[in-house]
1. Please verify whether region 98-106 includes one or more residues that are aromatic (F, W, Y) and over 16 Å from R19 (Cβ atoms).
2. Every residue in region 69-100 that is farther than 19 Å from A24 by Cα and surrounded by fewer than 18 Cβ atoms within 10 Å (Cβ to Cβ), please.
3. If S30 satisfies all but one of (1) touching a Lys or Arg at 6+ places or on another chain (Cβ under 9 Å); (2) over 28 Å from L85 (Cα atoms); (3) not β-branched (V, I, T), what's the number of the condition it fails?
4. Any chance region 36-50 includes a residue that's under 16 Å from the mean Cα position of the chain (by Cα), among the small types (G, A, S) and surrounded by 19 or more Cβ atoms within 10 Å (Cβ to Cβ)?
Amino acid sequence: QVQLVESGGGLVQTGGSLRLSCAASGSRFSINVMGWYRQAPGKQREVVATITRVDTTVYADSVKGRFTISRDNAKNTVYLQMNSLKPDDTAVYYCAASTESNWGVPGYMYWGHGTQVTVSS
């Protein structure tokens, strides 16, 4: 089992920045991909960014150039630096982890409880 705990959400004005953190504990050898999803009210959960253990990153088109995902393998922590925030970025942000082969497969993903990010106009 892997436990994920997010922190760093909050309220920010348009154009502002926030940094989310997600610390993993438990059977960390069972994961090599970590990432962030988000879910806005009335919308489906969507992937924001992912990062592998060797720092290969993938971003959603909507956040490219504004968000940066990084990880500290020694601390088993993944970060999401969010700059130039827009009201459309308002959502609950969830940390996720899995193996590369099981990424996105229901039942094989580990999830955090989520942290609220609200961007005011």
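Please treat every number below as a calculation from the coordinates, not as lab data. Quick caveat: nothing in here was measured; it's all calculated off a predicted structure. Heads up, the Cβs are rebuilt from the backbone with ideal geometry, glycines too, and the neighbour counts pull from every protein chain shown.
1. Let us first name the residues in region 98-106 that are aromatic (F, W, Y), namely 103.
Next, from what is left, pick out any that are over 16 Å from R19 (Cβ atoms): 103.
Yes, because at least one residue in region 98-106 is aromatic (F, W, Y) and over 16 Å from R19 (Cβ atoms).
2. Initially, region 69-100 is screened for residues farther than 19 Å from A24 by Cα, giving 82-91.
Scanning region 69-100 gives N83, S84, K86, P87, D88.
3. The failed condition is (1).
4. Here is the first cut: in region 36-50, the ones under 16 Å from the mean Cα position of the chain (by Cα) are 36-40, 44-50.
Narrowing the set further to residues that are among the small types (G, A, S) leaves 40, 49.
Now drop any that are not surrounded by 19 or more Cβ atoms within 10 Å (Cβ to Cβ), which leaves 49.
Scanning region 36-50 turns up at least one residue that is under 16 Å from the mean Cα position of the chain (by Cα), among the small types (G, A, S) and surrounded by 19 or more Cβ atoms within 10 Å (Cβ to Cβ).
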